[in-house]
Ligand code: GYE
């Protein structure tokens, strides 16, 4: 039963995916997976930092299941870039057929991606991107982080842009694609408005991290000295809510909050009036990643980039969809 539900969820997720980008042919698909045989895939996950990550891991494990013809070697690196690179190296040594990576940070991938290429093992990226040349991987599937930041920033500009507004930012993992791109998108959307960024610090995409950083901001500026929080994900927004309440403030009123992900707990806080706006980031990328692996191993040409389609929610809109959300 549970499996049936999850399969439905995974299918829903893949329906919301649209292929774009330049069509390129796959690189280094060596056909090592005999057709009809089991495909051994190493998946290097970031860790388990957030609700988004749990939904993504579940989607990946469901898609790369035995029933679907895969033998999945799963590694979660606890958000340590060196440990993640070591995991990829171990996949190469094990001679897996393909490697899937959700790269913790953008930089530092050239060496190990070259090693995979030399070993003729294709690499598919899911979720986050890397700064390496795109010759070093076959394809990427994920969300448009810059657009997410822009959508959040556009909401802030439309809601507060004409009024002097003190903004603090809870950043995601330093050096990660979503932290970099969401900051860029948000900053460009609030440019020329009266929103002033008074502080910005990483909360590592975790609830605890968001809480600690927000506690620091509240000590420094007080509840009255902060008007708006931009959290790079829902988990940090949820941590910030705890910090604001502990400081005697009312989140969503004294201090407004905008965040990204639209995971269940975030959406619940939005419905409860503690968050003011959420931009969705679809974590259900498993089916699409599994299809890419199969196509690449079959030497079929694949799109280099596939973007998920994301929505955004006000408090009223969230109330209408909360019960039907798949994650
Ligand atoms: O927003 C955050 C997670 O890479 C898009 O990572 C992902 C981000 C997501 O920890 O919650």
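The values are calculated or read from the model by the stated rules, or taken from the named source; none is laboratory data. Everything quoted here is computed from the prediction, not taken from an experiment. A quick note on method: Cβ atoms are made from the backbone with ideal geometry, for glycine too, and the neighbour counts reach across all protein chains shown.
Restricted to segment 137-148, and to residues there that are buried (at least 20 other Cβ atoms within 10 Å of the Cβ) and more than 9 Å from the chain's Cα centre (by Cα), the residue that is farthest from the ligand (Cβ to nearest atom) is 138.
Of the helices (runs of 4 or more DSSP H) contained entirely in segment 228-326, those carrying at least 3 residues that are outside the structural domain of residue 181 (by TED's automatic domain parsing) and surrounded by 19 or more Cβ atoms within 10 Å (Cβ to Cβ) fall at 286-297.
If I filter segment 199-214 for residues that are within 16 Å of the ligand (Cβ to nearest atom), in a strand (DSSP E or B) and touching a strand residue (DSSP E or B) at 6+ places or on another chain (Cβ under 8 Å), do I get at least one hit? Scanning segment 199-214, I find at least one residue that is within 16 Å of the ligand (Cβ to nearest atom), in a strand (DSSP E or B) and touching a strand residue (DSSP E or B) at 6+ places or on another chain (Cβ under 8 Å), so the answer is yes.
Is it the case that residue 43 is touching a strand residue (DSSP E or B) at 6+ places or on another chain (Cβ under 9 Å), assigned to a helix (DSSP H, G or I), crowded, with 21+ Cβ neighbours inside 10 Å and not assigned by TED's automatic domain parsing to the domain that holds residue 264? When the stated conditions are applied, residue 43 does not pass them.
Restricting to segment 149-179, and then to whatever is assigned to a strand (DSSP E or B) and within 13 Å of the ligand (Cβ to nearest atom), can you tell me which residue is farthest from the chain's Cα centre (by Cα)? Ranking the qualifying residues of segment 149-179, first place goes to 170. Within segment 65-100, restricting attention to residues that are in contact with a helix residue (DSSP H, G or I) (Cβ under 8 Å, 6 or more places away or on another chain) and more than 19 Å from residue 38 (Cβ to Cβ), the residue that is surrounded by the fewest Cβ atoms within 10 Å (Cβ to Cβ) is 89.
Just for segment 180-198: of the residues that are more than 15 Å from the ligand (Cβ to nearest atom) and either at pLDDT below 95 or surrounded by 23 or more Cβ atoms within 10 Å (Cβ to Cβ) (or both), which one is farthest from the chain's Cα centre (by Cα)? Even if it seems obvious, please write down each step before you answer.
At the first step, the residues of segment 180-198 found to be more than 15 Å from the ligand (Cβ to nearest atom) are 187-198.
Restricting the remaining residues to those that are either at pLDDT below 95 or surrounded by 23 or more Cβ atoms within 10 Å (Cβ to Cβ) (or both) gives 190, 195.
On the way: 190: 22, 195: 26 Å.
Once the filter is applied, the top-ranked residue is 195.
Filtering segment 52-64 to residues that are surrounded by 21 or more Cβ atoms within 10 Å (Cβ to Cβ) and either within 15 Å of the ligand (Cβ to nearest atom) or not assigned by TED's automatic domain parsing to the domain that holds residue 100 (or both) leaves 52, 53, 55, 56, 59, 60. The lone criterion from (1) within 25 Å of residue 316 (Cβ to Cβ); (2) within 16 Å of the ligand (Cβ to nearest atom) left unmet by residue 251 is number (2). Checked against the criterion of being at pLDDT below 95 and touching a helix residue (DSSP H, G or I) at 6+ places or on another chain (Cβ under 9 Å), the candidates 11, 1 yield just one match: 11. Cβ-Cβ distances below 6 Å connect the following pairs, each with a first residue in segment 257-284 that is at positive phi, a second residue that is within 13 Å of the ligand (Cβ to nearest atom) and assigned to a helix (DSSP H, G or I), and a separation of six or more residues or different chains: 261/52; 261/234.
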